Amino acid sequence: MANHSKKINLAKEQLEDAIDMLVNGRYISCLTLAGAAEEVFTALADAKLGKNSFNLIHELMNYDLAEEGHQKIPRGKFRKIRNSARNLVKHHDQGDDESVHLNRCGQALATLGQAMISADMLEVKYKNKRKYNAWLKKYRDKK
């Protein structure tokens, strides 16, 4: 039997599970779940608030690049780069390499971060934020 669900609630569940996956070292599962949540939250924030976390991150990155004397990255190229790891682990097309090379933890963190930014823009209350912050502190302290 089909259930009626709001997409924002489904994305919230995906985000909460993505955080659990991250702290348990399941980075690819985190990347996939966070990517799904991020797509919904970012689109909803754009539609409801006229704010887009992807565009915001792109602008901040280009600001930093310009400050350091580097060339800015066009939005389309940034989107392709930003989504490449997520797509590599979700899809396999004829002729694709059967293995991937990526920074699992880094990609999971980047995607999860964007999902959390968009969720926060929408004022979504979600579990595991403290768990994420504690994990992130330990992760940074290791470096």
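The values are calculated or read from the model by the stated rules, or taken from the named source; none is laboratory data. Just so it is clear, the structure is predicted and the values come from calculations on it, not from any experiment. As a convention, Cβ positions derive from the backbone with ideal geometry for all residues, glycine included, and neighbour counts pool all protein chains shown.
Brief remarks follow.
- Enumeration of residues in region 84-99 that are at pLDDT 80 or above and either hydrophobic (A, V, I, L, M, F, W, C) or within 14 Å of the chain's Cα centre (by Cα) (or both): R86
- Counting residues in region 127-137 that are part of a loop (DSSP other than H, G, I, E, B) and either on the phi < 0 side of the Ramachandran plot or touching a residue at least 40 places away in the same chain (Cβ under 8 Å) (or both) gives one or more.
- Residue among R75, R82, R104 that alone is of a type in the set (K, R) and buried (at least 18 other Cβ atoms within 10 Å of the Cβ): R82
- Near pairs, Cβ below 7 angstrom, 6+ apart or cross-chain, from region 96-110 (within 19 Å of A36 (Cβ to Cβ)) to any residue that is of a type in the set (F, W, Y): R104/Y27; C105/Y27; A108/Y27
- Checking each residue in region 102-126 for being assigned to a loop (DSSP other than H, G, I, E, B) and at pLDDT below 95 picks out L102, N103.
- Single unsatisfied condition, R130 versus (1) farther than 17 Å from A37 by Cα; (2) in contact with a helix residue (DSSP H, G or I) (Cβ under 9 Å, 6 or more places away or on another chain); (3) modelled with pLDDT of 90 or more; (4) loosely packed, with under 11 Cβ neighbours inside 10 Å: (2)
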